[in-house]
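Worksheet for the structure shown next.
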Amino acid sequence: MKTITFTVNGNPVTLDVSEDANLLSVLNDDLELAGAKEGCGAGECGACTVIVDGVAVTSCLYPACEADGRVVETVEGLVLESGSLHPLQRTFVDYGAVQCGFCTPGMVMSAKALLDKYPNPNEQEVKVALAGNICRCTGYTQIVEAVLAAAEEMKK
Amino acid sequence: MTRKEERLLPEVERAVRAPEELVVVGKRIPKSDALYKVLGQAQYIYDMQLPGMLYGKILWSERAHAKIISIDTSEAEKVPGVRAVITAQNTPEIRIGFMKDQPVLKKDKVRSFRDEVAAVAATSWEAAEEAISRIKVVYEDLPGIFSPEEAMEEGAPLIHEMDARGKELKDNRIRLPWKLVCGDLEKGKAEATCTVTTSYEVPAVNHCCMGTSACIASFDAGDNLTIYDITQIPSLAKADFLEALKAMGAKGRVRVITPTIGGGFGSKLDTYGYQYIAMLLSHRTKRPVKIVFTREEEFFATSPRQQAKFTITQGCDKEGYLTFREVNATLDNGAYISWGATTPSVMMMPMSSLYRVPNIEFKSTCIYTNNTWAQAMRGYGNPQATFAIDCNMDELAEKAGIDPVEFRRRNANIPGEETPQGFLPRTCGHRECLEAVVEKMGYEGRQSGIVEGTPKARGMGVASLIHVGGGAKIYRSDGCATSIKIDDDGWVDVFSGSQDIGQGLDTVLRQIVAEVLGFKPEKVKIHVGDTDTCGWDAGCHASRSTFVAGNSAKVCAEIVRAQMVANFAAQLEVAEDAISITEGEVLAQTDDPDKQVTKVERLLRRAHMTGRGNTMFMASNFWEPNNKLLAGDFHGNFSMAYTYGVHGVELEVDTETGQVDVINYVAAHDIGKAINPMLLDGQAYGGIMQGIGYALTEEMLFDKGKLLNPNFRDYKILTCLDVVPIEAIIVETDDPEGPFGAKGVGEPGLVPVAPAIANAIYDAVGIRLRRLPMTPDRVLEALWAKAGKAIA
Ligand code: FES
Ligand code: FES
């Protein structure tokens with residue numbers, strides 16, 4: 001066991017985690033943040049994507065101990081302080097980018113990491129940023145549209 | 001041959017509102033649960049935790065085909081936290097599959113690597129895994145059979161020695177007589193001036209639902225089972241589970257509850273062993289038991305679309321009209337029977353009714369092997385069959401010297417004509433779809449072949465589809481139940497037997513009910529996936545939900561609306577036909593200005609809370625479509641409507657690497673009426689991308705029954721980088737039987753993708769790939785073979 005302290009969605013947390021625990025299980029089980037999903041447990045599907053220190057990571061492979069002292073963002077923390085949806089959440093809903101929704105939290109977080117760094121991406125950049133997130137339902141078209149629309153929205 | 005003997009159906013009266021009057025139907029309304037999903041709040045089964053819950057794990061067979069000599073579970077039982085270890089020896093036998101050829105836990109022998117040999121329930125996943133690893137099984141290997149050809153050889157070992165009734169089996173052929181004969185094959189052959197015979201092969205592919213298979217089984221003190229499940233067929237699964245309960249000696253009832261489902265695509269059309277294992281473990285331990293598949297298990301232990309081979313001959317006369325079609329299909333069923341063994345019943349649909357062809361013979365055999373056993377996947381047998389038909393169409397067109405598009409024009413389906421199998425499509429936009437695609441693609445002026453100065457060649461190809469769009473009567477009932485209640489605060493609850501697996505049925509029903517009632521869609525909540533509160537439905541399959549559940553909801557809403565209108569008319573002292581309800585307001589044609597516009601809530605409350613009325617508005621309705629079970633010879637009209645489509649693809653083949661890049665995709669679907677164009681686009685985009693995967697990248701690779709690529713590294717499904725520009729064209733033919741004119745469209749997007757791509761590759765480089773997926777190495781090999789021939 002190791003004691004770690006990190007920030008999740010703006011809140012500091014301290015907890016004991018086992019050395020081999022991954023961040024996904026700590027989020028899902030210890031912190032009861034169920035948004036990040038396990039689709040493969042092997043870093044291949046992106047359903048578990050969260051943002052650590054500004055970078056999108058697959059939390060199923062990310063050692064929980066590594067999160068010590070870092071800033072973690074999950075889909076649960078996306079809602080703006082005003083209480084309204086983050087533009088990405090809004091556009092995912094409005095553009096039909098959500099079907100079964102299993103990929104959605106990871107998809108949204110990968111997109112957020114992109115837009116936080118590059119507020120003005122072109123279509124190809126969006127596709128590259130989301131390349132690690134598999135979606136079996138939508139065929140991605142409406143997801144890419146939603147991300148580009150959110151980028152527009154955020155410029156306003 | 002001319003088509004004088006067209007059998008046209010009488011025109012049917014239309015009872016739908018004119019499109020311009022529709023307020024909610026036809027609008028791009030976001031999926032009802034999308035909000036919860038983007039917030040990370042939607043509850044999937046993986047997120048569920050019940051008090052005292054245990055974790056279940058399964059020991060899978062380590063052999064493809066072997067006798068089980070002994071199973072020693074003593075070490076497993078000693079693992080701290082283990083609460084139960086079960087095998088066939090210490091549990092009642094439960095048999096599953098519609099031919100009941102499979103015991104849930106295998107007793108005497110295993111027939112595939114996904115056979116369940118034992119299972120454990122423990123207080124943690126880790127303990128359960130540890131216990132599984134300590135179970136010792138002694139096997140005695142039997143010769144394995146891994147292809148239908150081997151399985152059919154003289155003296156091949158039997159995979160099943162007897163059927164479920166104890167009757168001895170003589171060979172590995174499954175006794176399902178899939179044979180369809182229409183017209184007179186010999187006559188059709190005699191009339192043909194040009195024929196082409198070719199063979200095609202399709203691989204096993206996995207649904208790859210992003211949420212893996214999972215359930216939680218829980219018994220209460222009265223022996224009643226509640227199972228939290230991800231099934232596409234709540235009512236049918238309930239019946240299956242109830243049967244198992246009886247086998248277990250439990251006298252209680254079954255409740256199936258489905259939380260949010262992480263993808264379906266047909267994978268959840270049958271029940272699987274793990275669900276019964278969770279039930280057995282829960283019954284044994286008196287605690288809820290959860291089983292969740294790993295991705296590896298999801299790949300090797302769920303049932304894929306099966307491998308199949310087709311030999312097809314079609315012939316046409318000198319004017320280019322098809323005179324006959326003769327097809328033989330052999331399917332690798334795998335070790336046990338599930339719905340995969342019935343996919344030929346759906347293959348018959350395009351075989352008989354895609355393009356107008358009067359004389360047909362289709363035969364199919366499903367063969368037991370020691371491979372994984374097959375299931376249904378989006379389109380059922382249709383994509384496989386359409387690959388054979390629509391590739392052969394191009395080969396025949398070429399031989400007959402007719403352009404492929406022109407050939408399809410001549411043979412396209414038309415509305416109102418009974419097809420040779422006896423389908424009665426009242427609406428059919430096949431020709432409109434074809435023209436729309438051809439025009440959008442710029443087919444006529446296309447430049448095929450090498451792009452100058454590059455190693456790349458361009459080509460275009462088209463393919464068509466027919467699919468059931470008005471239910472599919474494969475069980476004795478193809479109906480759906482709906483109940484609606486309206487509370488006096490104006491909120492509407494709709495309880496539908498149908499299911500949402502992400503496709504948006506929840507939203508479609510919401511729109512239909514809101515439209516009929518004249519309420520705002522936000523006021524309508526759709527409840528599905530609880531067999532205690534929702535009535536019977538045949539399940540989310542066959543693209544039937546919008547049509548059947550939609551009609552059921554529509555009729556139910558009309559009953560409730562009539563109740564309201566009668567009451568409101570009395571309240572407002574006007575005639576019933578002077579009342580209309582729209583967007584939550586009741587409009588009355590009256591001179592009294594106080595009564596002209598009233599909020600519906602006000603009238604609802606007055607209806608409920610005044611001494612005069614004391615009434616509330618609610619109704620239930622079971623809607624059964626007027627389709628027919630197929631007769632013994634598989635003829636009959638088993639759907640009330642048929643969906644058509646044409647896909648066109650433009651692509652580039654890199655002649656140096658074999659890489660195929662789709663550069664433009666146009667898909668037109670005749671779906672009757674778009675209830676929600678945004679969700680419809682999503683079905684088209686998603687289906688087409690799955691279809692491109694089927695065409696170009698996806699294949700389950702087996703070595704002697706063992707799956708070699710049970711992960712997303714080695715099993716290639718398309719990512720965002722593979723997205724192609726897709727133009728989804730909606731053709732509305734306003735079907736007289738559909739809710740607001742709509743036909744089903746869940747599956748069609750996938751159906752004709754592979755043949756369209758194969759045809760475009762041929763157009764580009766003149767090679768004919770007859771085996772899926774069309775990977776770069778297969779493309780290169782064919783290119784070399786062609787060049788070799790040219791040199792020789
Ligand atoms: S669950 Fe982490 S990448 Fe799939
Ligand atoms: S919406 Fe189902 S996996 Fe993306």
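The values are calculated or read from the model by the stated rules, or taken from the named source; none is laboratory data. Note that the structure is a prediction, hence the values are computed from the model and not measured. Note that we place each Cβ from the backbone using ideal geometry, even for glycine, and neighbour counts take in every protein chain shown.
Applying the criterion of being of a type in the set (A, V, I, L, M) and crowded, with 17+ Cβ neighbours inside 10 Å to the residues of region A:65-83, the residue that is nearest to the other protein chains (Cβ to nearest Cβ) is A:Val75.
Please verify whether B:Gly744 is closer than 18 Å to B:Gln503 by Cα and in a helix (DSSP H, G or I), treating the condition exactly as stated. It is false that B:Gly744 is closer than 18 Å to B:Gln503 by Cα and in a helix (DSSP H, G or I).
Evaluating B:Ala674 against the criteria (1) within 14 Å of chain A (Cβ to nearest Cβ); (2) out of contact with any helix residue (DSSP H, G or I) (no Cβ under 6 Å at 6 or more places or on another chain); (3) surrounded by fewer than 24 Cβ atoms within 10 Å (Cβ to Cβ) leaves one unmet condition, (2).
A:Ala131 passes all but one of (1) under 13 Å from the mean Cα position of the chain (by Cα); (2) within 16 Å of ligand 1 (Cβ to nearest atom); (3) within 8 Å of chain B (Cβ to nearest Cβ); which number fails? Unmet for A:Ala131, out of (1) under 13 Å from the mean Cα position of the chain (by Cα); (2) within 16 Å of ligand 1 (Cβ to nearest atom); (3) within 8 Å of chain B (Cβ to nearest Cβ): (1). Scan region A:35-82 residue by residue and report those that are among the hydroxyl-bearing types (Ser, Thr, Tyr), in contact with a Leu (Cβ under 9 Å, 6 or more places away or on another chain) and within 16 Å of ligand 2 (Cβ to nearest atom). Within region A:35-82, just A:Thr58 meets the criteria.
Within region B:321-359, the set of residues being within 21 Å of the chain's Cα centre (by Cα), of a type in the set (Gly, Ala, Ser) and outside any helix (DSSP H, G or I) comprises B:Ala329, B:Gly334, B:Ser338. Annotation note: Cβ proximity below 6 Å between a residue of region A:124-150 that is at positive phi and a residue that is modelled with pLDDT under 95 and within 13 Å of ligand 2 (Cβ to nearest atom) (sequence gap 6+ or interchain) occurs for no pair. Here's a check for you: in region B:265-289, which residue that is over 22 Å from the mean Cα position of the chain (by Cα) and not in a helix (DSSP H, G or I) is farthest from ligand 2 (Cβ to nearest atom)? Here the residue is B:Lys286. Counting only residues that are polar (S, T, N, Q) and free of Cβ contacts under 8 Å to residues at least 12 places away in the same chain, region A:1-49 holds 3 of them. Residue check: A:Val79 meets all listed conditions (1) more than 16 Å from ligand 1 (Cβ to nearest atom); (2) in a helix (DSSP H, G or I) but one, namely (2). Tell me which residues, restricted to region A:4-49, are of a type outside the set (Gly, Ala, Ser), within 14 Å of ligand 1 (Cβ to nearest atom) and either farther than 26 Å from B:Ile45 by Cβ or in contact with an Asp or Glu (Cβ under 7 Å, 6 or more places away or on another chain) (or both). Across region A:4-49, the qualifying residues are A:Leu24, A:Cys48. Tell me yes or no: at least one residue of region B:726-741 is surrounded by 24 or more Cβ atoms within 10 Å (Cβ to Cβ), in a helix (DSSP H, G or I) and either within 14 Å of chain A (Cβ to nearest Cβ) or free of Cβ contacts under 8 Å to residues at least 60 places away in the same chain (or both). No - not one qualifying residue is present in region B:726-741.
Each row is one residue, and each column tells you yes or no for (1) more than 30 Å from B:Phe638 (Cβ to Cβ); (2) touching a Cys at 6+ places or on another chain (Cβ under 8 Å); (3) β-branched (Val, Ile, Thr); (4) within 14 Å of another protein chain (Cβ to nearest Cβ).
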residue	(1), (2), (3), (4)
B:Val438	yes, no, yes, no
B:Gly445	yes, no, no, no
B:Gly453	yes, no, no, no
B:Ile474	no, no, yes, no
B:Gly504	no, no, no, yes
B:Val516	no, no, yes, no
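Answer yes or no as to whether A:Gly96 is in contact with a Phe, Trp or Tyr (Cβ under 7 Å, 6 or more places away or on another chain), within 7 Å of chain B (Cβ to nearest Cβ) and away from ligand 1 (no atom under 16 Å from the Cβ). It is false that A:Gly96 is in contact with a Phe, Trp or Tyr (Cβ under 7 Å, 6 or more places away or on another chain), within 7 Å of chain B (Cβ to nearest Cβ) and away from ligand 1 (no atom under 16 Å from the Cβ). Residues considered: B:Ala192, B:Ala122, B:Ala128. Of these, the only one that is away from ligand 1 (no atom under 16 Å from the Cβ), more than 24 Å from B:Pro103 (Cα to Cα), crowded, with 16+ Cβ neighbours inside 10 Å and not β-branched (Val, Ile, Thr) is B:Ala192.
Kindly indicate whether any position in region B:205-219 is away from chain A (no Cβ under 14 Å) and either within 16 Å of ligand 2 (Cβ to nearest atom) or assigned to a loop (DSSP other than H, G, I, E, B) (or both). So far as region B:205-219 goes, no, none of its residues is away from chain A (no Cβ under 14 Å) and either within 16 Å of ligand 2 (Cβ to nearest atom) or assigned to a loop (DSSP other than H, G, I, E, B) (or both). Strands (runs of 3 or more DSSP E) fully within region B:54-107 that include at least 3 residues being farther than 17 Å from B:Ala278 by Cα: B:66-72.
Within region A:91-126, can you find the residues that are more than 15 Å from ligand 2 (Cβ to nearest atom) and over 18 Å from A:Met154 (Cα atoms)? Once the filter is applied, which keeps residues that are more than 15 Å from ligand 2 (Cβ to nearest atom) and over 18 Å from A:Met154 (Cα atoms), region A:91-126 yields only A:Gln124. Assessment of region A:91-98 against the conditions (surrounded by fewer than 24 Cβ atoms within 10 Å (Cβ to Cβ) and touching a residue at least 60 places away in the same chain (Cβ under 8 Å)) yields no matching residue. Inside region A:99-113, residues that are more than 16 Å from ligand 1 (Cβ to nearest atom) and in contact (Cβ under 8 Å) with a residue 40 or more places away in the chain make up a count of 1. When you check B:Val462 against the structure, is it under 29 Å from B:Thr657 (Cα atoms), in contact with a strand residue (DSSP E or B) (Cβ under 7 Å, 6 or more places away or on another chain) and not assigned by TED's automatic domain parsing to the domain that holds B:Met609, yes or no? For B:Val462, the condition - under 29 Å from B:Thr657 (Cα atoms), in contact with a strand residue (DSSP E or B) (Cβ under 7 Å, 6 or more places away or on another chain) and not assigned by TED's automatic domain parsing to the domain that holds B:Met609 - is met. The listed residues are B:Val565, B:Val555, B:Val586, and the only one of them that is outside any helix (DSSP H, G or I) and out of contact with any Lys or Arg (no Cβ under 7 Å at 6 or more places or on another chain) turns out to be B:Val586.
When restricted to residues that are among the basic types (Lys, Arg) and either crowded, with 24+ Cβ neighbours inside 10 Å or in a loop (DSSP other than H, G, I, E, B) (or both), region B:290-320 contains 3. Looking across region B:559-584, the residues that are in contact (Cβ under 8 Å) with a residue 40 or more places away in the chain and either crowded, with 16+ Cβ neighbours inside 10 Å or more than 22 Å from B:Asp489 (Cβ to Cβ) (or both) come down to B:Ile559, B:Val560, B:Arg561, B:Gln563, B:Met564, B:Asn567, B:Gln571, B:Ile581, B:Thr582, B:Gly584.
In the set (1) within 14 Å of chain A (Cβ to nearest Cβ); (2) within 30 Å of the chain's Cα centre (by Cα); (3) surrounded by fewer than 21 Cβ atoms within 10 Å (Cβ to Cβ), B:Lys100 fails one condition alone, (1). Looking only at region A:50-71, decide whether some residue is more than 16 Å from ligand 1 (Cβ to nearest atom), of a type in the set (D, E, K, R) and in contact (Cβ under 8 Å) with a residue 40 or more places away in the chain. The answer is yes; a qualifying residue exists. Residue pairs whose Cβ atoms lie under 7 Å apart, separated by 6 or more positions or on different chains, with the first residue in region B:493-508 and assigned to a loop (DSSP other than H, G, I, E, B) and the second hydroxyl-bearing (Ser, Thr, Tyr) and more than 16 Å from ligand 2 (Cβ to nearest atom), are B:Gly497/B:Ser235; B:Ser498/B:Ser545.
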